[in-house]
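The values are calculated or read from the model by the stated rules, or taken from the named source; none is laboratory data. All of these numbers come straight from a predicted model, not from anything done at the bench. Cβ sites come from the backbone with ideal geometry, for glycine too, and all protein chains shown count toward neighbours. Heavy atoms of the whole protein, side chains included, go into the accessibility calculation; ligands, DNA and RNA do not. Shrake-Rupley method; radii C 1.70, N 1.55, O 1.52, S 1.80 Å.
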Amino acid sequence: MSNFTHWNEEGRPKMVDISEKTSTNRTAIARSKITLSDEVYEAIQQGGIKKGDPTQVAQIAGIIGAKKTADIIPMCHPIMLQGTDLQFDYTKADVGYELHIQATVKCSGKTGVEMEALTAVSIAALTFYDMCKAVDKSMVIKETYLVQKTGGKSGDFVHK
C-alpha cells in the first residue's frame with residue numbers, strides 16, 4: 001500500500017498531508033457541453049423556461065459547486081478560493097444546439113483547483129438540465145474535461 005498516496009500504513013484511506021508544500025498561485029479551467037433541442041433553445045430565448053433563466057441559475061450553482069467540492073469529493077482539501085467564474089456559449093449543432101460551459105477557478109494555496117473547476121462545470125450542467133427538463137428531457141451532458149491548470153509542483157497542463 002505504500003505506493004498509494006491516499007492510503008495510510010494500515011491500508012485505510014487518508015487525505016494527503018500538504019502541510020510542507022509551498023503556496024503558489026493556481027488556476028484551473030474546465031469545460032462541459034450539453035446538447036439541447038431547438039425547442040429548448042427557443043424556450044430559453046423567449047423566456048419560456050418556467051423556473052427562470054437556466055444559465056443564470058447554473059452560474060450560481062457552478063460557483064457553489066466549486067466552493068463545496070471538498071464536501072462531496074472525499075479526498076479533496078478544503079480550499080480558500082480567490083475567484084470562480086463561469087461562461088456559457090450556445091452554438092448551433094447539426095441537430096439542435098450545444099451549450100458550452102467553462103469554469104475558471106483561482107486560488108493561492110498548497111493544492112490545485114482542478115477538481116473545483118471540474119465540479120463547477122458539472123454542477124452547472126446538471127442545474128441547466130434541471131431547469132430545462134420540463135421542456136425536453138433528451139438533453140445530453142458530455143465532454144467534461146480539464147482544459148488547463150497552472151501552478152504547483154507538477155507544473156502547468158494544457159489539454160491537447
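Data for the structure
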| item | result |
| --- | --- |
| Computed lengthening from K137 to D156, 0.36 nm per intervening residue step minus Cα-Cα distance | 3.0 nm |
| Column: log10 I(q)/I(0), Debye, Cα scatterers of segment 86-144, q = 0.13, 0.17, 0.18, 0.26 Å⁻¹ | -0.41, -0.63, -0.69, -1.15 |
| Acute angle (nearest 10 degrees) that the helix 114-132 long axis makes with the longest principal axis of the chain, alpha-carbon atoms | 20 |
| Å² of accessible area per residue within the chain, as computed with a 1.4 Å probe and no ligands counted | 59 |
| Accessible-area composition of segment 5-65, carbon plus sulfur, in percent [1.4 Å probe] | 49 |
| Part-to-part distance (alpha-carbon centres) for segment 27-52 and segment 96-157, which is given in Å | 14 |
| Stokes-Einstein D in µm²/s, Kirkwood radius over Cα pairs - the chain at 20 °C with 1.002 mPa s viscosity | 127 |
| Modelled FRET efficiency - R0 45 Å, E42 with W7, Cβ distances, 0.05 increments | 0.30 |
| Rg in Å to one decimal, and Dmax rounded to a whole Å, for segment 29-118 via C-alpha atoms | 15.3, 46 |
| Sparse-neighbourhood loop sites, GluC sites (Glu not before Pro) in segment 1-102 - DSSP loop, at most 12 other Cβ within 10 angstrom | E9, E10, E20 |
| Value of [θ]222 nm, deg cm²/dmol, for the chain, DSSP H segments ≥ 4, -39500 (n - 2.57) each, nearest 500 | -8500 deg cm²/dmol |
| Straight-distance crosslink candidates among lysines, where the alpha carbon sits under 28 Å from K149 and sequence neighbours closer than 8 are dropped | K14, K21, K33, K67, K68, K106, K110, K160 |
